Amino acid sequence: MGWIVCSGALGLKAQPIRLASDGAANYRIFTADSSRIASEASEELKKYLAQLSGAVFADSDGLTGRTIVVGTALTIKQHPAAIDIPLLTHDSYGLLKRGHTIYLLGGSERSIWYAVYDFLSRLGCRWIAPEFTFYEGKDKYVPVRPRLDYRYAGDIIEQPAFNYRKLYIEEGLSHNVENLLQLIRWMPQARFNVLVAPIDYQGHGRAQWDNWRQQLIPELKKRGIGIEVGGHGYQNFLHAGMEDGRLYTDHPEWFGMDQNGHRSADPHIVFCTSNAEAVAYLNHRIGEYLDAHPEIDIFDFWPPDNEKWCICERCEALGTVTERHALLVSETASYLKNRCPDVKLECLAYHHYTEPPQHTTLDNSVLLDFCPINQQFEYQIYEQESENNKRYNESLRRWMDSFGGDISIYSYYRKYAWRSLPNVIPHYMQRDLIYYRDIGIKGISVYSEPGDWFTFGLNHYVLGNLAWNPRIHVDSLIQGYCTTLYGEAADLVGDIYTELEDIVRFGCNIPFSAPKTMAAYEAYTARLLVCGEQLEAATANPDLDLITRRHLKRVALMVGYAKASARTKLLSTRGAVEEANRVAREMKQTINENKHAGVFIPR
Ligand SMILES: [Zn+2]
């Protein structure tokens with residue numbers, strides 16, 4: 001939830017603790033745990049303290065006196081010199097003071113990082129985005145403080161509202177090892193705790209965990225980030241090409257029956273899930289995959305995308321698709337409990353299987369990701385005015401009533417179908433997340449394409465913060481983001497983000513947004529025109545530094561795209577189809593000329 005506990009009297013006045021002055025450190029660093037994670041987090045602390053103060057913070061061999069202690073609460077509690085340390089677990093962490101000693105403690109090894117970054121953020125540091133090249137160094141802010149003070153106003157104990165805070169690679173249109181490593185370094189700064197990679201997205205061989213794992217695993221492990229792998233594809237573990245191409249000819253009855261009554265090798269047709277031998281074969285293959293990939297914490301077990309289910313008599317006798325889906329997932333979950341007990345199985349509530357089953361109980365150990373893919377962004381997920389949202393919300397409530405395991409939201413707050421349109425929605429996300437937290441949802445996730453991260457950067461930054469504390473003051477986050485990235489133009493861009501949140505999901509080409517009147521589209525276009533003019537005027541300021549100028553040009557591309565989209569809507573509504581097509585063609589060209597540079601990913 002994110003709360004503050006004062007150790008002394010309420011309203012204790014902040015006491016400045018001088019950590020360093022004039023290039024000399026007053027404190028030493030004691031790393032209490034012997035783990036790799038603790039020592040890496042300590043090194044990170046020392047690195048930033050040096051940048052902040054210009055002082056070298058040396059190691060200490062004990063935890064008394066003017067020492068900053070880094071470690072897990074569990075280890076510290078066993079230390080004879082430690083007094084009155086609260087019990088912390090999982091992702092919770094504490095920033096404490098006992099005597100002159102400052103404690104940065106994690107409830108787990110992973111949350112040692114959170115304690116360190118929170119402490120540094122209270123000294124003025126800010127990390128708004130991964131170090132992607134197009135941020136040009138403005139992804140973070142580290143002030144210079146010759147007199148470095150920590151203003152202590154009581155102990156701080158933090159714990160997250162959502163246990164799962166996930167970033168998906170999913171289609172992986174713009175990921176590579178370099179930007180994935182940048183993303184991973186940012187995750188603990190933003191307190192995202194799981195990276196989700198596809199086994200092999202759509203079988204194309206490009207977005208594939210095996211292509212990256214050797215380089216990513218060490219970096220993920222040393223930050224304690226959970227590794228989730230899988231995705232669409234029962235067919236990864238049972239397809240016609242297996243057993244040297246003999247699987248289909250040897251066992252046609254294992255494959256799904258199509259509309260013509262044929263057993264089909266089409267990967268979009270789900271295998272025959274009522275066939276016990278086929279299920280056993282699939283589970284055995286999954287077990288082999290997990291044995292060969294011991295780094296995996298969560299395994300994603302999804303049907304093929306745009307799938308059709310087997311229509312054989314025995315399958316149909318098992319019940320609806322949602323029943324059959326739950327049966328199969330539960331069978332695989334119980335198989336894996338014996339074979340790989342440390343791996344959590346994850347499945348989706350999506351597409352044909354959004355509704356909870358009525359006759360089958362999904363195993364409680366499974367993590368369920370609920371996918372409101374057709375969410376209408378003109379309305380909150382809980383608003384009755386939207387048919388789509390109403391249906392999702394009702395399904396979600398039924399899942400909450402019928403399923404005892406963890407439910408996480410597979411969000412679309414950065415959506416492929418938006419085609420990089422700048423649907424920037426920080427306040428919208430906050431209202432959804434407060435609702436999700438209040439009904440007991442345990443996690444939230446989002447796609448993470450670097451190729452248009454600049455466009456959705458504010459969404460990503462705010463979502464990471466909301467996943468920790470949905471009641472956080474969003475306007476302060478926006479201000480922090482804009483100040484870091486846009487310097488003296490921060491207020492202008494902050495206002496433009498507000499306009500984008502008010503316009504794009506209503507007046508641009510966002511799926512499921514209702515058609516508007518010509519007058520409404522004219523008004524949206526006019527407002528976006530003003531945004532563009534303001535940006536142009538700000539960019540023309542000769543005193544503006546070059547990096548800020550380039551960032552304003554990136555914002556101008558975003559605004560220009562939104563304007564072209566609203567204008568296309570206006571022209572189509574007016575019946576001027578040819579002109580609408582011309583505007584769309586020109587925009588497509590602009591997108592191609594500026595592709596994969598943070599703003600646009602062409603589709
Ligand atoms: Zn069947």
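Listed values, structure above:
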{"quantity": "Restricting region 279-289 to residues that are within 16 Å of the ligand (Cβ to nearest atom) and hydrophobic (A, V, I, L, M, F, W, C), the residue that is surrounded by the fewest Cβ atoms within 10 Å (Cβ to Cβ)", "calculated": "280"}
{"quantity": "Condition met for residue 314 (within 35 Å of the chain's Cα centre (by Cα), at pLDDT 95 or above and either within 13 Å of the ligand (Cβ to nearest atom) or not in a helix (DSSP H, G or I) (or both))", "calculated": "no"}
{"quantity": "Positions within region 84-104 being under 22 Å from residue 226 (Cβ atoms) and of a type in the set (Ser, Thr, Tyr), in sequence order", "calculated": "89, 92, 93"}
{"quantity": "Filtered residues of region 103-128 (kept if surrounded by fewer than 24 Cβ atoms within 10 Å (Cβ to Cβ) and of a type outside the set (Ser, Thr, Tyr))", "calculated": "109, 110, 118, 119, 120, 122, 123, 124, 125, 126, 127"}
{"quantity": "Any pair with Cβ under 6 angstrom, 6 or more apart, that starts in region 575-603 at a residue that is closer than 16 Å to residue 559 by Cα and ends at one that is aromatic (Phe, Trp, Tyr) and not in a helix (DSSP H, G or I)", "calculated": "591/600; 594/600"}
{"quantity": "So residue 205, is it part of a loop (DSSP other than H, G, I, E, B) and more than 16 Å from the ligand (Cβ to nearest atom)", "calculated": "yes"}
{"quantity": "Search result, residues across region 98-117 that are closer than 15 Å to residue 26 by Cα and either among the basic types (Lys, Arg) or part of a loop (DSSP other than H, G, I, E, B) (or both)", "calculated": "99, 100"}
{"quantity": "Any hit, region 461-477, residues being within 28 Å of residue 584 (Cβ to Cβ) and buried (at least 24 other Cβ atoms within 10 Å of the Cβ)", "calculated": "no"}
{"quantity": "Residue list for region 136-171, restricted to those being basic (Lys, Arg) and part of a strand (DSSP E or B)", "calculated": "140, 147, 151, 165, 166"}
{"quantity": "Residue that is farthest from the ligand (Cβ to nearest atom), among those in region 264-278 that are under 19 Å from residue 305 (Cα atoms) and in contact with a helix residue (DSSP H, G or I) (Cβ under 7 Å, 6 or more places away or on another chain)", "calculated": "267"}
{"quantity": "Region 229-257 - residue that is touching a Lys or Arg at 6+ places or on another chain (Cβ under 8 Å) and in a loop (DSSP other than H, G, I, E, B) and, of those, surrounded by the fewest Cβ atoms within 10 Å (Cβ to Cβ)", "calculated": "237"}
{"quantity": "Which listed residue, of 585, 603, 505, 549, is exposed (fewer than 14 other Cβ atoms within 10 Å of the Cβ), charged (D, E, K, R) and assigned to a helix (DSSP H, G or I)", "calculated": "585"}
{"quantity": "Residues of region 344-402 satisfying the condition of being in contact (Cβ under 8 Å) with a residue 40 or more places away in the chain and among the basic types (Lys, Arg)", "calculated": "344, 397, 398"}
{"quantity": "Residue match in region 120-128 (condition: over 21 Å from residue 225 (Cβ atoms), of a type outside the set (Lys, Arg) and at pLDDT 95 or above)", "calculated": "yes"}
{"quantity": "Test: residue in region 132-139 that is among the acidic types (Asp, Glu), out of contact with any Asp or Glu (no Cβ under 9 Å at 6 or more places or on another chain) and on the phi > 0 side of the Ramachandran plot", "calculated": "yes"}
{"quantity": "Pair list, Cβ under 6 Å, 6 or more apart: region 272-284 residue at pLDDT 95 or above, other residue near the ligand (Cβ under 6 Å from one of its atoms) and among the charged types (D, E, K, R)", "calculated": "274/314"}
{"quantity": "Test result for residue 223, among the basic types (Lys, Arg), under 25 Å from residue 91 (Cα atoms) and in a loop (DSSP other than H, G, I, E, B)", "calculated": "yes"}
{"quantity": "Matching residues in region 293-311 - criterion: being touching a Cys at 6+ places or on another chain (Cβ under 6 Å) and either of a type in the set (Gly, Ala, Ser) or within 16 Å of the ligand (Cβ to nearest atom) (or both)", "calculated": "310"}
{"quantity": "Matching residues in region 366-407 - criterion: being touching a Ser or Thr at 6+ places or on another chain (Cβ under 6 Å) and assigned to a helix (DSSP H, G or I)", "calculated": "395"}
{"quantity": "The lone exception for residue 515 - which of (1) in a loop (DSSP other than H, G, I, E, B); (2) under 26 Å from the mean Cα position of the chain (by Cα) it fails", "calculated": "(2)"}
{"quantity": "Of residues in region 423-456 being small (Gly, Ala, Ser), in contact with a Phe, Trp or Tyr (Cβ under 8 Å, 6 or more places away or on another chain) and outside any helix (DSSP H, G or I), the one farthest from residue 510 (Cα to Cα)", "calculated": "443"}
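Yes/no matrix, rows are residues, columns are (1) within 12 Å of the ligand (Cβ to nearest atom); (2) in contact (Cβ under 8 Å) with a residue 60 or more places away in the chain; (3) over 17 Å from residue 353 (Cβ atoms):
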| site | (1), (2), (3) |
| --- | --- |
| 233 | no, yes, no |
| 237 | no, no, yes |
| 251 | no, no, yes |
| 291 | no, no, yes |
| 319 | no, no, no |
| 329 | no, no, no |
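The values are calculated or read from the model by the stated rules, or taken from the named source; none is laboratory data. Source: prediction; values computed, not measured. Every residue, glycine as well, gets a Cβ built from its backbone with ideal geometry; the counts of neighbours run over all protein chains shown.
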